[in-house]
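Following: one structure in structure tokens, then a few remarks.
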Amino acid sequence: MYDLTSNSKSKGRVLLAMSGGVDSSVAAAILKEQGYEVIGVTMQVWDYSKNHCEVDESSGTCCSSQDVDDARAVADHLDIPFYVINCEEKFQTAVIDNFVETYLKGETPIPCVNCNTYLKFDHLIQKMKELNCDYLATGHYAKIEKDDSGRSVIVTSSDTWKDQTYFLFTLDPEIVEKLMFPVGTWQKSDLRSYAEKVGLPVARKKDSTGICFIGKEGYAGFIESQVDKKNLKPGVIKRLSTGEVLSEHTGIHNFTIGQRKGLGVATGSPAYVAKIDFDSATVWLGEEKDLYSSELEVRDLNWLSEAQDGDIVRAKIRFAHKGSEAIIKKYDNGRIGLKFTEPQRAVTVGQAAVFYKENVLLGGGWIC
């Protein structure tokens, strides 16, 4: 059993979302060491045994049965209460169905945002209240700090490579003061060393990669397994510069903006998906230069700290994007426009545009 000295009086009760990975496991150890009463909870969101996913559950996944067992082993090691909540139905409607529908529209979704929005920071907030907890904690790489007015704000993590604030833009600003991100001040290498030091059973477990419910079948194969084939949209592939028909395709769900591999057509020179037309199911291939644009429009905005018309922000247009300077233009229909100081590559409908002021997360919306 993990022998940990803590304060005799608890600093508060924390509901901790445990994925079975090293990040949330270290978060549990840190919180207990700091004197909090920690309750671990794992959400069972996807049953690999019922879904033909061919995922090696012990190799860089999350939300598998192995991960549930790993989370339970960590809770036992730390001597904290542990619960498993079945969230499969909600995960199906809020994450899986949206993922499939978005791809079928020729867009590229971000399922992790919906998982955070409707499960981790919605469903678990309710569980936090039901269990009389003071805070909800996760293993996200992010930080909570106070601004000049004393209000709690989300800021980027100390490990900029691992920072996950991009996925948090949909949060209700009212819950931020109840959130804790214990590993947000850590570098990943130091975190693993700590996990080894305190003997966590997952100290050497690989990080989860990719989307948890996508296995060896890939995105297209998964989508095809979820829908009637009559809902797929086959069409043609055309050259952007000339309108020439290059080939046929079996569905626009096979493509995303900026894609170069797996196009199923030889063009004699590098070609990229530059545009996807849903109505005609036409996929347009262009050159590298055709992927750049300086402006985009954003819908369904959520503000944690609202920016004003004309403000200059750092905007990220995908998770791996470092962010680029852009000017905000507010429209009467509730949407905003972003005008970048430098053209951006592969702006993709369905992805999120997330805004920052220095290292503070302001909010974001969906690229349309």
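Under the convention that each Lys and Arg Cβ holds +1 and each Asp and Glu Cβ holds -1, the size of the dipole of the chain around its Cα centre is about 440 debye. Take the Cα of E244, step 7 Å toward its Cβ, do the same at K357, and the gap between the two points is 5.2 nm.
Computed from the C-beta positions of V236 and Y83, the FRET efficiency with R₀ = 51 Å rounds to 0.50. For the Cα atoms of the chain, what angle does the longest principal axis make with the long axis of helix 65-78, in degrees from 0 to 90, nearest 10? Result, in degrees: 30. Since only T209, A94, N231 are under comparison, the one whose Cα sits farthest along the positive direction of the charge dipole of the chain, derived from C-beta charges on Lys, Arg, Asp and Glu, is T209.
Between the amide H of Q344 and those of S293, S294, distances stay under 5 Å, these residues lying 5 or more places away or on another chain, with hydrogens modeled in the peptide plane.
Average projected area of the Cα convex hull of the range 233-286, in nm²?
Averaged projected area of the range 233-286's Cα convex hull equals 3.2 nm².
Go through K206/K275; K120/K188; K162/K197; K162/K357 and tell me which ones have a Cα-Cα distance over 26 Å in this structure. From the list (K206/K275; K120/K188; K162/K197; K162/K357), the Cα-Cα distance tops 26 Å for K206/K275. With each label modelled as a point 7 angstrom along the Cα→C-beta vector, the S294-K129 pair spans 4.8 nm.
Each of the peptides 261-273, 16-28, 295-307, 100-112 was scored by the mean count of other Cβ atoms within 10 Å over its residues; in descending order, highest first, they stand as 16-28, 100-112, 295-307, 261-273. In the chain, helical runs assigned H by DSSP with n ≥ 4 each contribute -39500 (n - 2.57); averaged across all residues and rounded to the nearest 500, the mean residue ellipticity at 222 nm is -5500 deg cm²/dmol.
Of the listed peptides 359-368, 338-347, 73-82, what is their order by residue-averaged count of other C-beta atoms within 10 Å, with the highest listed first?
359-368, 73-82, 338-347
Remark on the range 113-248: Rg and Dmax equal 21.2, 64 Å (Cα only). Please go through the residue pairs K32/K127; K105/K316; K105/K129; K233/K322; K230/K339 and name each one whose alpha carbons sit more than 31 Å apart in this structure. Among K32/K127; K105/K316; K105/K129; K233/K322; K230/K339, the Cα-Cα distance tops 31 Å for K105/K129; K233/K322; K230/K339.
Given their separation in residues at 0.36 nm each and the Cα-Cα distance between them, E174 and K339 gain 56.4 nm when the chain is fully extended. Restricting the calculation to alpha carbons of the chain gives Rg and Dmax of 22.0, 75 angstrom.
Over the range 205-259, the hull volume per residue, using the convex hull of the C-alpha atoms, is 105 Å³. One chain, two ends: E196 and S280. Fully extended at 0.36 nm per residue, the span grows by 24.7 nm beyond their Cα-Cα distance. Extension gain, S324-Q44: 0.36 nm per intervening residue step, less the Cα-Cα distance, totals 97.1 nm. Each peptide in 31-42, 122-133 receives the mean, over its residues, of other Cβ atoms within 10 Å, and ordering these scores from highest gives 31-42, 122-133.
No value in this document is a laboratory result; all are computed from the given coordinates. If you're wondering where the values come from, they're calculated on a predicted model, not measured in any experiment. Virtual Cβ from ideal backbone geometry, glycine too; neighbours counted across all protein chains shown.
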